[in-house]
Amino acid sequence: MGNKYNGKTFTLEILAILLGLVFLVPFYYVVSNSLKPFSEILTNTSALPSALQFQNYVNAFQQMNYLKVFTNSLIITVVSNIVLVVFCSMAAYMLVRTKKKISGIIFMIFVSAMVIPFQSIMIPLVKVAGNLGLLNSIWGLVFMYLGFGSGMTIFLYHGFIKGIPVELEEAAIIDGCSPLGVFWRIVFPLLKPITVTIMILNSLWIWNDFLLPLLVLQDPELRTIPLATFFFFGQYTKQWDLALAALVISIIPLLIFFFAMQKHIIKGITSGSIK
């Protein structure tokens with residue numbers, strides 16, 4: 001029995017390692033080709049660079065105005081996360097604690113919105129956003145992320161809040177705490193595991209999003225990192241050496257954030273499933 005178990009475990013570990021290597025192949029191509037001259041990328045894509053071309057990173061950093069686009073992406077991601085957490089946590093709390101039929105209907109509307117393809121509504125969205133003066137505005141983009149991210153965020157909060165005992169809130173009310181105070185002082189601190197998970201998932205989505213910022217932000221000064229990287233590909237020229245270097249320096253902040261917070265993802269998902 002023990003040998004059979006060990007053999008099965010060994011096989012699964014080998015499969016996991018092979019699967020991990022498959023997922024690492026795109027990273028190999030991006031990193032290795034970002035260190036090559038343009039001519040070498042065209043002639044020998046799969047090989048390691050014959051000489052490390054770090055000048056690609058310097059040129060990409062300067063041409064994409066990295067500090068500016070990094071700041072734009074950071075502001076959009078951080079503010080969107082804060083807005084989503086604040087509004088969606090309160091909305092989910094009210095939908096859970098309000099035992100009325102309308103609460104279930106509203107919750108199902110939010111969940112149903114998750115399955116609507118963005119491409120099917122992007123043209124009406126741009127027209128409406130233009131009429132409301134939301135185009136070419138970081139704050140208009142944040143407002144749109146609130147709308148598009150509310151479905152999943154409320155869904156995750158909703159499932160977690162259902163596992164929080166109502167008795168804690170009732171005790172706080174007896175002690176004289178207001179309804180708003182009950183949420184922020186009692187309930188919200190208990191939402192930390194799922195809040196961290198939501199922030200990580202939304203950060204991965206918002207930081208890497210390309211299509212919505214492309215539609216909303218026309219001013220070059222408002223470009224995000226994905227938009228700045230896209231402009232290395234012109235109609236007649238494609239600067240693969242600079243574009244790949246730009247991709248590497250663009251994903252580094254997100255990789256650092258993800259690896260620093262990944263333990264909270266597992267903890268949040270586990271806590272939510274248990275509750």
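Within segment 73-99, the residues that satisfy the criterion of being within 30 Å of GLU167 (Cα to Cα) and free of Cβ contacts under 8 Å to residues at least 24 places away in the same chain are ILE82, VAL86, MET94, THR98, LYS99. For segment 236-260, filtering for residues that are among the basic types (Lys, Arg) and buried (at least 18 other Cβ atoms within 10 Å of the Cβ) leaves 0. State whether one or more residues within segment 40-52 are surrounded by fewer than 12 Cβ atoms within 10 Å (Cβ to Cβ), over 30 Å from ILE194 (Cβ atoms) and at pLDDT 85 or above. No, that holds for no residue.
Only one of PHE61, PHE10, PHE70, PHE27 is free of Cβ contacts under 8 Å to residues at least 12 places away in the same chain and either closer than 29 Å to GLY149 by Cβ or surrounded by 11 or more Cβ atoms within 10 Å (Cβ to Cβ) (or both). Can you tell me which?
Working: PHE61 fails: free of Cβ contacts under 8 Å to residues at least 12 places away in the same chain; PHE10 fails: either closer than 29 Å to GLY149 by Cβ or surrounded by 11 or more Cβ atoms within 10 Å (Cβ to Cβ) (or both); PHE70 fails: free of Cβ contacts under 8 Å to residues at least 12 places away in the same chain.
Just a single option satisfies the conditions, and that option is PHE27.
With respect to the conditions (1) touching a Leu at 6+ places or on another chain (Cβ under 8 Å); (2) outside any helix (DSSP H, G or I); (3) closer than 23 Å to TYR145 by Cα, VAL126 falls short on a single one, namely (2).
The set of residues in segment 198-255 being in contact with a Pro (Cβ under 9 Å, 6 or more places away or on another chain) and among the polar types (S, T, N, Q) consists of ASN208, THR224, SER250. For THR153, the requirement of being modelled with pLDDT under 90 and open to solvent by less than 70 Å² (accessible area, probe 1.4 Å) is not met.
Looking at segment 157-178, is at least one residue within 18 Å of ILE82 (Cβ to Cβ) and either surrounded by 17 or more Cβ atoms within 10 Å (Cβ to Cβ) or out of contact with any Cys (no Cβ under 7 Å at 6 or more places or on another chain) (or both)? Full working, then the answer.
Narrowing segment 157-178 to residues within 18 Å of ILE82 (Cβ to Cβ): 157.
Subsequent filtering for residues that are either surrounded by 17 or more Cβ atoms within 10 Å (Cβ to Cβ) or out of contact with any Cys (no Cβ under 7 Å at 6 or more places or on another chain) (or both) retains 157.
Within segment 157-178 (the criterion being within 18 Å of ILE82 (Cβ to Cβ) and either surrounded by 17 or more Cβ atoms within 10 Å (Cβ to Cβ) or out of contact with any Cys (no Cβ under 7 Å at 6 or more places or on another chain) (or both)), the answer is yes, since at least one residue qualifies.
One residue is enough: does segment 202-221 have a residue meeting the conditions among the polar types (S, T, N, Q), part of a helix (DSSP H, G or I), at pLDDT below 85 and open to solvent by less than 50 Å² (accessible area, probe 1.4 Å)? Show your work before the answer.
Of segment 202-221, the ones among the polar types (S, T, N, Q) are 202-203, 208, 218.
Narrowing the set further to residues that are part of a helix (DSSP H, G or I) leaves 202-203, 208.
Those left that are additionally at pLDDT below 85: none.
No, segment 202-221 has no match at all.
Looking only at segment 175-201, residues that are assigned to a loop (DSSP other than H, G, I, E, B) and either among the β-branched types (Val, Ile, Thr) or in contact with a Phe, Trp or Tyr (Cβ under 7 Å, 6 or more places away or on another chain) (or both) come to 1 in all.
Select from segment 222-235 the residues that are outside any helix (DSSP H, G or I) and open to solvent by less than 60 Å² (accessible area, probe 1.4 Å) and list them in ascending order. Walk me through it before giving the result.
First pass over segment 222-235, keeping only residues outside any helix (DSSP H, G or I): 223-224, 231-235.
Across segment 222-235, the qualifying residues are THR224, PHE232, GLY234.
Considered as a group, the residues in segment 87-108 that are surrounded by fewer than 12 Cβ atoms within 10 Å (Cβ to Cβ) and of a type in the set (A, V, I, L, M, F, W, C) include one that is farthest from GLY151 (Cα to Cα), and that residue is ILE102. Being at pLDDT below 90, buried (at least 19 other Cβ atoms within 10 Å of the Cβ) and more than 22 Å from SER203 (Cα to Cα) is a condition met by no residue of segment 109-120.
The values are calculated or read from the model by the stated rules, or taken from the named source; none is laboratory data. For clarity, every value in this text was computed on a predicted model and none was experimentally measured. With ideal geometry, Cβ positions are generated from the backbone for all residues, glycine too; neighbour counts draw on all protein chains shown. Each accessible area value is taken on the protein alone, full model and side chains, heavy atoms only, with ligands, DNA and RNA left out. Shrake-Rupley method; radii C 1.70, N 1.55, O 1.52, S 1.80 Å.
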